[in-house]
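Peer 1: The structure follows.
The values are calculated or read from the model by the stated rules, or taken from the named source; none is laboratory data. Quick caveat: nothing in here was measured; it's all calculated off a predicted structure. Don't worry about glycine lacking a Cβ; one is built from the backbone with ideal geometry, like all the others, and counts go over all protein chains shown.
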Ligand SMILES: [Zn+2]
């Protein structure tokens, strides 16, 4: 699997991800295949999940008799 730094990743995928949207290999820099530099590369897309709660789930059971 090819490794890309965040800049190249965004160019390739036409995205505007930030360091908070992905997981970079900060501790293990690698050769980016886009710009051919040793950089932290994107190892995982990990968007932090905001707790969107859809709490509008009501049960409205009426006993129709
Ligand atoms: Zn790059």
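Peer 1: Would it be correct to say that residue 52 is in a loop (DSSP other than H, G, I, E, B) and either at pLDDT 95 or above or away from the ligand (no atom under 16 Å from the Cβ) (or both)?
Peer 2: Details: in a loop (DSSP other than H, G, I, E, B): yes; either at pLDDT 95 or above or away from the ligand (no atom under 16 Å from the Cβ) (or both): yes.
Yes: the conditions hold for residue 52.
Peer 1: Please enumerate the residues belonging to region 12-42 that are touching a residue at least 24 places away in the same chain (Cβ under 8 Å) and either loosely packed, with under 14 Cβ neighbours inside 10 Å or over 12 Å from the mean Cα position of the chain (by Cα) (or both).
Peer 2: Of everything in region 12-42, those that are touching a residue at least 24 places away in the same chain (Cβ under 8 Å) and either loosely packed, with under 14 Cβ neighbours inside 10 Å or over 12 Å from the mean Cα position of the chain (by Cα) (or both) turn out to be 20, 30, 31, 32, 33, 34, 35, 37, 39, 40, 41.
Peer 1: Then there is this: Would you tally the residues in region 7-24 being farther than 18 Å from residue 35 by Cα and part of a strand (DSSP E or B)?
Peer 2: 2
Peer 1: Could you tell me which numbered condition residue 43 fails, if it satisfies all but one of (1) in contact with a strand residue (DSSP E or B) (Cβ under 8 Å, 6 or more places away or on another chain); (2) modelled with pLDDT of 95 or more?
Peer 2: The single condition residue 43 does not satisfy is (2).
Peer 1: Let me ask you something else. Could you list, in sequence order, the residues of region 1-11 that are at pLDDT below 95 and either within 11 Å of the chain's Cα centre (by Cα) or within 13 Å of the ligand (Cβ to nearest atom) (or both)?
Peer 2: 2, 3
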